[in-house]
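Worksheet: one structure, shown below.
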Amino acid sequence: MNPLNLKDKEIVLASKSPRRQQLLKELGIKFSVKTKDTEENYPEKLKKEEVALFLSKLKADAFIPELKENQLVITSDTIVCLDNRIIGKPKDRDDAFNMLSDLSGKMHEVVTAVTLTSTAKQKSFFVKTEVYFKPLTNFEIDYYINTFKPFDKAGSYGIQEWIGYIGVEKIVGSYFNVMGLPLKELYEELENF
């Protein structure tokens with residue numbers, strides 16, 4: 001049995017991401033997946049952490065009207081920041097190439113915000129991780145995009161894929177945060193929710 005005392009709660013993960021689903025499963029938590037399409041627009045004046053928090057809460061708020069007494073909804077949003085500029089998901093192949101070229105040889109930050117929502121309360125938190133890429137060749141970037149098609153990922157890459165194996169020199173912070181769900185922090189927040 002899982003050490004978290006969630007047996008009276010119906011956990012809902014509001015994410016289409018197979019990575020988030022796998023990570024939550026690895027925590028040993030039983031959950032269902034439900035998603036709602038929300039426009040991911042945010043006020044321009046927000047700082048990077050505030051953007052991730054805003055979007056995570058926006059996704060959570062869409063569930064509030066139909067939330068049941070025993071449900072706990074987990075929403076999250078991951079953003080990639082280079083020099084205080086937010087890099088979203090690529091629009092197309094050229095955009096993905098440009099993003100990875102920009103990240104090449106530099107440090108960027110990955111910020112994931114998570115919101116826990118029940119009928120009684122809502123709690124949001126975020127985790128930041130620094131990721132350092134080696135200088136990538138055009139050939140490496142082309143190979144990665146052509147083989148892994150990272151068009152659904154912020155920053156155009158998944159750290160758990162080939163580009164992470166050959167390109168990431170070091171990270172400072174949570175590896176799982178870069179994958180999209182900061183597990184240690186999520187576990188602690190669920191314990192205290």
message = Please report the net charge: other residues with Cβ closer than 13 Å to the Cβ of LEU72, K and R +1, D and E -1.
response = +2
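May I ask which of LYS48/LYS153; LYS36/LYS184; LYS47/LYS184; LYS7/LYS30; LYS30/LYS184; LYS48/LYS68 have a Cα-Cα span longer than 20 Å here?
LYS36/LYS184; LYS47/LYS184; LYS48/LYS68
Kindly rank 13-25, 74-86 from highest to lowest mean number of other beta carbons found within 10 Å of each residue.
Descending packing order for the listed peptides: 74-86, 13-25.
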remark   = Dividing the mean separation of Cα pairs under 8 Å (6+ apart) by the residue count of the chain yields a relative contact order in percent of 23 percent
task = Please work out, to two decimal places, the log10 of the ratio I(q)/I(0) at q = 0.15, 0.16, 0.18 Å⁻¹ from a Debye calculation in which every Cα of region 10-192 carries one identical scatterer.
result = -0.86, -0.96, -1.18
Reference-scaled alpha-carbon Rg (2.2 N^0.38 Å with N residues) for region 1-43 = 1.40
ask   = Based on the mean of other beta carbon atoms within 10 Å per residue, what is the order of 170-177, 119-126, most packed first?
value = 170-177, 119-126
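Taken together, the values in this text are just the output of simple stated rules run on the coordinates, not laboratory data. Please read these numbers as outputs of a predicted model, since none were measured by experiment. Glycine also receives a Cβ, built like all others from the backbone with ideal geometry; neighbour counts cover every protein chain displayed.
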